[in-house]
Amino acid sequence: MYGLSQFAYLVASALFIFALHWMNTPATARKGVYAGIAGTALAIIVTWAEPTVIHHVWIIGAIALGFVVGVPLSRVPLTAVPQRTALSHAFGGIAAGLVGTAEYYLRLAEDPGWLTPFRMVALIAEIILGYLTFTGSLMAAGKLQEVKWVPQRPVTYPGQNLVNFLLLATAVVVAGLIAFNPAAAWAPLAFPVIIVLALLFGVLLIIPIGGADMPTVIAILNSYAGLSAVAMGFVLDSKLLITAGALDGSSGLILAIIMCKAMNRSFTNVLFGAFGQVQQAKGGGEQKQYKAETAEGAAQVLEQASLVVIIPGYGMAVAQAQHKVRELYDQLKKRGVTVKFAIHPVAGRMPGHMNVLLAEADIPYTDLVEMDDINHDMPQADVALVVGANDVVNPAAHTDKSSPIYGMPIIDAEKARTIFAIKRSKNPGFAGIDNELYFNDRTWMLFGDAKAVIGDLVKELSGGSGRH
Amino acid sequence: MNDFWSTVYVFVLASFIGMGVIRKVSRLLHTPLMSLTNAISAIAVVGAILVTGGDYPLRIRILGAIALFASMANIVSGFLITDRMLKMFKTDSKPGVR
């Protein structure tokens with residue numbers, strides 16, 4: 001029986017690796033989902049069949065409840081996917097934390113000898129990672145969802161990093177004491193202290209982090225959730241858990257590194273740098289003038305173009321303009337114009353978010369181009385159309401050493417022959433950093449709500465098709 | 001000291017495989033990738049099943065049941081939403097048809 005179940009776990013592990021392997025292209029990606037489902041189902045069935053498992057009603061009840069909550073969670077609008085992802089990290093974290101807690105008290109009562117220092121270290125790592133991922137992810141989800149009682153702005157105070165460090169150090173010291181004296185009389189009382197410290201640490205870790213860094217933070221929390229599963233695998237001596245957790249952990253790590261590179265920031269800077277207080281753009285100075293263009297004029301330029309690059313940002317999703325963008329794409333394609341979308345890695349609120357939003361609007365993924373590839377083509381572009389993006393096209397990243405985004409790789413919109421930027425209002429200082437691109441000689445502003453402006457462009461293009 | 005070294009081996013090798021495989025994942029799919037790995041790491045469900053279903057004191061099983069519920073919610077929503085997103089990625093729009 002043991003051999004059979006181990007074999008099943010091995011198959012499940014292999015299926016998980018295939019699942020991720022098939023994600024390397026959209027053509028095979030759905031196969032990856034099925035492999036993942038098969039692996040998970042196999043592991044659940046085999047575990048459930050273990051002779052020690054006798055309370056079946058409990059299991060059925062908990063699984064049923066999981067479906068009741070899981071199905072609606074999978075139907076959220078795609079703009080809310082980052083929150084959902086953060087919430088699922090929280091679920092993963094609490095699951096690991098609770099299983100670790102249960103294991104400790106269970107073994108303490110029944111078989112204290114089982115709690116070797118190695119298992120205890122793994123178990124404590126599991127609960128610390130699990131509980132801090134739980135509260136940290138809840139905070140992240142709250143920030144993304146803009147829940148009222150979660151502060152949106154980064155919360156910082158003097159000595160913040162020191163407080164966090166001391167807190168973690170305390171947890172580690174208590175953890176060390178318990179790890180080597182798991183059966184001491186005081187140990188079961190000290191155990192909850194670690195839990196409380198981990199829960200607190202999760203909150204404190206996230207409050208100083210601002211909205212712009214959320215994609216990185218989500219990726220890091222993803223990694224933590226994976227590592228807590230690894231730790232659980234060490235405790236239970238389950239190679240399946242270790243493998244699956246390691247896959248998740250490395251995935252989160254790689255995504256976090258990609259995000260950091262795309263913002264030209266280091267890991268530690270994201271976590272401990274409190275990016276939030278962006279210095280207000282050097283106010284005063286000469287009042288620069290925007291050049292405004294009408295939808296009619298812009299439509300004529302677009303019509304004459306042979307290559308149009310659309311640069312979307314999260315603002316496009318906020319204005320719900322994706323579907324209008326798709327109509328514009330159709331109109332231009334009909335006229336033989338090549339249309340590409342330039343996707344910055346940190347556009348949107350989580351890694352890859354913009355691609356999903358555009359795919360939902362039925363834009364073929366073959367026209368979604370990564371930053372590095374599109375930058376080669378930018379000098380050939382007749383028109384760059386900026387829709388709801390700002391920092392990712394700000395030339396200050398190349399030129400202005402005092403800018404907080406200096407050094408960040410950007411999409412070189414300013415190299416296109418003509419630049420159109422859609423902007424809601426003429427007010428500068430839109431709570432962020434001044435964008436030189438808007439004052440470029442070849443930049444024309446289209447003022448208004450993104451959805452309405454693109455709608456007007458579409459109207460001009462479709463109405464004007466009969467004229468001349 | 002059971003299988004200490006063999007579990008560490010598994011962890012290190014699995015991490016290398018993870019790095020290798022994830023690096024090759026299309027950047028288009030990073031959002032679905034994250035929801036898929038969420039669902040996969042919810043394999044912690046096996047630990048929860050053992051704790052919930054075992055012949056253990058009630059309070060232990062309650063902790064297990066909550067963990068089982070949370071993992072299952074992740075499995076269900078993770079796989080469903082990944083598939084939902086992946087369905088949207090199409091190579092080309094049929095010309096003329098919306």
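Rule-based calculations on the coordinates, nothing more; no lab input. Small disclaimer: the values here were computed from a predicted structure and weren't measured. So basically every Cβ, Gly included, is an ideal-geometry build from the backbone, and we count neighbours across all protein chains shown.
Quick notes
- Look at the alpha carbon pairs under 8 Å that are at least 6 residues apart: their mean separation over the length of chain A gives a relative contact order of 13 percent.
- Peptide A:85-93 shows a mean partner chain C-beta count of 6 within 10 Å per residue C-beta.
- Contact order, relative form, for segment A:76-272: 27 percent (alpha carbon pairs under 8 Å, 6 or more residues apart, mean separation divided by residue count).
- Share of alpha-carbon pairs per 10 Å distance bin for chain B, given as whole %: 13, 26, 31, 19, 7, 3, 1
- Length-normalised contact order for segment B:29-89 - Cα pairs under 8 Å, 6+ apart - percent: 47
- Just so you know, the averaged projected area of the alpha carbon convex hull for segment A:311-416 sits at 6.5 nm².
- Shown for A:T216, B:T82: other C-beta atoms within 10 Å of each C-beta, ranked fewest to most, produce the order A:T216, B:T82.
- Debye equation applied to the C-alpha atoms of segment A:1-146, log10 I(q)/I(0) at 0.11 Å⁻¹: -0.60
- With N as its number of residues, the protein assembly as shown has a Cα radius of gyration that, divided by 2.2 N^0.38 Å, comes to 1.05.
- Beyond 28 Å, the tail of the calculated P(r) for segment A:76-272 holds 27 percent of the Cα pairs.
- Order of A:S306, A:S250, B:S77, A:S425 under a 10 Å beta carbon neighbour criterion, fewest first: A:S425, A:S306, A:S250, B:S77
- Taking amide H positions as modeled 1.01 Å from N, with prolines and chain starts lacking one, the residues under 5 Å from A:I419 and 5 or more places away or on another chain are A:A384, A:T443, A:W444.
- 10 Å Cβ neighbours from other chains, averaged over peptide A:100-108: 5
- From phi via Karplus (6.51, -1.76, 1.60), per-residue ³J(HN,Hα) for segment B:85-92 in Hz, x at Gly/Pro: 5, 5, 4, 7, 7, 10, 6, 9
- DSSP bridge analysis restricted to chain A gives an antiparallel fraction near 0%, rounded to the nearest 5.
- MRE, 222 nm, helices only [DSSP H, n ≥ 4, -39500 (n - 2.57), over chain A, to nearest 500]: -19500 deg cm²/dmol
- Going from the residue with the fewest nearby Cβ atoms within 10 Å to the one with the most, B:M85, A:M23, A:M408 rank A:M408, B:M85, A:M23.
- Along its principal axes, segment A:106-213 has C-alpha extents of 48, 27, 20 angstrom, given from the largest down.
- Approximating the spin labels as points 7 Å out from Cα along Cα→Cβ, the A:L10-to-A:W149 distance works out to 5.1 nm.
- Partner shielding of A:34-41 amounts to 5, given as the average count of beta-carbon atoms from other chains within 10 Å of each residue beta-carbon.
- Built from the Cα atoms of segment A:369-429, the convex hull projects on average onto 4.6 nm², one quarter of its surface area.
- Separation of segment A:335-380 from segment A:173-196 is 52 Å, based on Cα centroids.
- Overall Cα dimensions of segment A:181-256, principal axis frame, Å, largest first: 47, 33, 10
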